[in-house]
Amino acid sequence: DLEAAKKKGIPVANVPDYAIDEVADHALSLMLSIVRKIPQIAQQVRAGKWDIAPCRPIIGLTGRTIGVAGFGNIAKAVVRRAQGFGMKAIGYDPFVPDSVFEAYGAERVGWDELLERSDVISVHMPLTPQTKHSFNKDAFRKMKPTSYLINTSRGGTVDTDALVDALKAGEIAGAALDVLEVEPIAKDHPLLAMDNCIVTSHCAWYSESSMLRLQEFAALEVKRRLTGEKLRHVVNGVEA
């Protein structure tokens, strides 16, 4: 309870920077898997079907546009990786100055332009009352029918029912999600029966290295508090 802690002068801290590379890697892995249709192809091979041009159509990524919704540390890492695949980058974030977008070679765009121009949208927004269900029925209708949605941020930024409808109607080409509104996902959820959707188990944060960093960084923050040092990541405005 951030407000209750604030009223009592108790700082609340978190550890936001222990898995930036892992989440960015996972976002790119999801993008490659859904665009290249790797799960379906691997399943076909296991079933004895060998096709050198399977699951058509599959788009190439060079020259395509990746759009990032939110431009924090993970989004920046995703942009750097996507540019390595020859993708152009655009981004939406009303709280980040133009100079930051320019430093990463990304074009700043408005919300509607992000939806309309992106071939792949990677979501990197916190879940707030303002961002809840940002990707809703109207948003999916503005996206290209050939576009893909990747979400490694917060499940509630995407209206799951609207996403199911959009995938069924062909309003977007596919989605790959590591986070959902309700976790774990129900075994009979329609997303799990769709070839144009990949769901992973909120595991983008994880590697053996990131787990060690999480434990170390949390302990260091406690140590800073006990020795009178300034905390690095206070989330309720109590610095003392």
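Consider segment 43-88 and keep the residues that are aromatic (Phe, Trp, Tyr) and open to solvent by 70 Å² or more (accessible area, probe 1.4 Å). The one that is farthest from LEU32 (Cα to Cα) is TRP50. Looking across segment 7-20, the residues that are open to solvent by 70 Å² or more (accessible area, probe 1.4 Å) and without any contact (Cβ under 8 Å) to a residue 60 or more places away in the chain come down to LYS7, LYS8. Looking across segment 125-150, just one residue is open to solvent by 50 Å² or more (accessible area, probe 1.4 Å) and of a type in the set (A, V, I, L, M, F, W, C), and that is LEU127. With respect to the conditions (1) part of a helix (DSSP H, G or I); (2) within 16 Å of the chain's Cα centre (by Cα); (3) not aromatic (Phe, Trp, Tyr), SER122 falls short on a single one, namely (1). Condition check: open to solvent by less than 60 Å² (accessible area, probe 1.4 Å), of a type outside the set (Phe, Trp, Tyr), farther than 26 Å from ILE20 by Cβ and assigned to a helix (DSSP H, G or I). Does LEU167 satisfy that? Considered against the rule, which asks whether it is open to solvent by less than 60 Å² (accessible area, probe 1.4 Å), of a type outside the set (Phe, Trp, Tyr), farther than 26 Å from ILE20 by Cβ and assigned to a helix (DSSP H, G or I), LEU167 comes out as yes.
Residues in segment 187-223 that are free of Cβ contacts under 8 Å to residues at least 60 places away in the same chain, assigned to a loop (DSSP other than H, G, I, E, B) and among the small types (Gly, Ala, Ser): 1 in all.
For ALA4, the conditions (1) in contact (Cβ under 8 Å) with a residue 12 or more places away in the chain; (2) open to solvent by 40 Å² or more (accessible area, probe 1.4 Å) all hold with the exception of (1). Cβ-Cβ distances below 9 Å connect the following pairs, each with a first residue in segment 173-186 that is under 12 Å from CYS203 (Cβ atoms), a second residue that is of a type in the set (D, E, K, R) and open to solvent by 10 Å² or more (accessible area, probe 1.4 Å), and a separation of six or more residues or different chains: VAL179/ARG154.
Can you confirm whether segment 136-145 contains a residue that is in a strand (DSSP E or B) and touching a Gly at 6+ places or on another chain (Cβ under 7 Å)? No, because not a single residue in segment 136-145 is in a strand (DSSP E or B) and touching a Gly at 6+ places or on another chain (Cβ under 7 Å).
The values are calculated or read from the model by the stated rules, or taken from the named source; none is laboratory data. These numbers come from a predicted model, not from an experiment. Using ideal geometry, Cβ is built from the backbone for each residue, glycine included, and neighbour counts are taken over all protein chains shown. Heads up: the accessible areas ignore ligands, DNA and RNA and are worked out on the full protein's heavy atoms, side chains in. Shrake-Rupley method; radii C 1.70, N 1.55, O 1.52, S 1.80 Å.
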